[in-house]
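Trainee: The structure's right below; bear with me while I get my questions together.
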Amino acid sequence: MTERERLMVETYLPNRRDPNLPEGEYYILDNNERIQQVYISNIYPDMEHDSTTYGVILSKTGKRYRGGSGYDGSVHMYDLYDNKEDCRNWAHGVYDGWEQLRALQEGEQ
């Protein structure tokens with residue numbers, strides 16, 4: 001890991017992955033600042049912003065998540081977290097590449 005990557009990991013991923021979170025599931029902060037557990041149901045391009053957005057389903061109820069940064073309930077990867085503390089603090093803000101940083105971090109262990 002380069003020094004820049006190490007700094008990015010420290011900045012965007014202050015806490016470790018939640019070991020109790022099932023693989024393929026994430027946490028998201030809803031509009032009422034409650035942490036919800038979700039999984040990705042759809043992946044599609046956001047042509048307006050030249051990025052990718054995701055449709056997500058609430059894990060406990062199976063209902064589509066209707067909050068998010070998109071008018072249709074879509075979210076960006078930066079909206080999703082792998083631990084509650086980072087989610088509560090919006091730790092990686094608008095950085096979509098956090099999963100690659102997590103892989104680097106976990107590879108260093």
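The values are calculated or read from the model by the stated rules, or taken from the named source; none is laboratory data. Note that the coordinates shown come from a computational prediction; the quantities given were computed from them, not determined experimentally. FYI the Cβ positions are ideal-geometry reconstructions off the backbone, even for glycines, and counts take in every protein chain you see.
Trainee: Go through the stretch 6-53 and report how many residues are under 18 Å from ALA91 (Cβ atoms), in contact with a Ser or Thr (Cβ under 7 Å, 6 or more places away or on another chain) and of a type outside the set (A, V, I, L, M).
Mentor: 2
Trainee: Before we move on, is TYR78 in a strand (DSSP E or B) and aromatic (Phe, Trp, Tyr)?
Mentor: Numbers: in a strand (DSSP E or B): no; aromatic (Phe, Trp, Tyr): yes.
Answer is no for this residue.
Trainee: What are the pairs, 6+ residues apart or on separate chains, where a residue within the stretch 89-109 that is more than 18 Å from THR2 (Cβ to Cβ) has its Cβ under 7 Å from a residue that is buried (at least 16 other Cβ atoms within 10 Å of the Cβ) and among the aromatic types (Phe, Trp, Tyr)?
Mentor: As it stands, the answer is ALA91/TYR12; HIS92/TYR12; HIS92/TYR78; HIS92/TRP98; GLY93/TYR78; VAL94/TYR78; ASP96/TYR78, since those pairs meet every condition given.
Trainee: Among the listed residues MET8, MET1, MET47, identify the single one that is under 16 Å from TRP98 (Cα atoms) and surrounded by fewer than 17 Cβ atoms within 10 Å (Cβ to Cβ). Outline the logic, then answer.
Mentor: Details: MET8 fails: surrounded by fewer than 17 Cβ atoms within 10 Å (Cβ to Cβ); MET47 fails: under 16 Å from TRP98 (Cα atoms).
That would be MET1, the only listed residue that is under 16 Å from TRP98 (Cα atoms) and surrounded by fewer than 17 Cβ atoms within 10 Å (Cβ to Cβ).
Trainee: Kindly provide the set of residues from the stretch 16-42 that are part of a strand (DSSP E or B) and closer than 20 Å to LEU101 by Cβ, ordered by number.
Mentor: Quick first cut of the stretch 16-42, residues part of a strand (DSSP E or B) only: 25-29, 35-42.
Hits for the stretch 16-42 are GLU25, TYR26, TYR27, ILE28, LEU29, ILE40.
Trainee: Among the numbered criteria (1) under 17 Å from GLU99 (Cα atoms); (2) surrounded by fewer than 16 Cβ atoms within 10 Å (Cβ to Cβ); (3) modelled with pLDDT under 90; (4) among the aliphatic types (A, V, I, L, M), which single criterion is violated by VAL75?
Mentor: (2)
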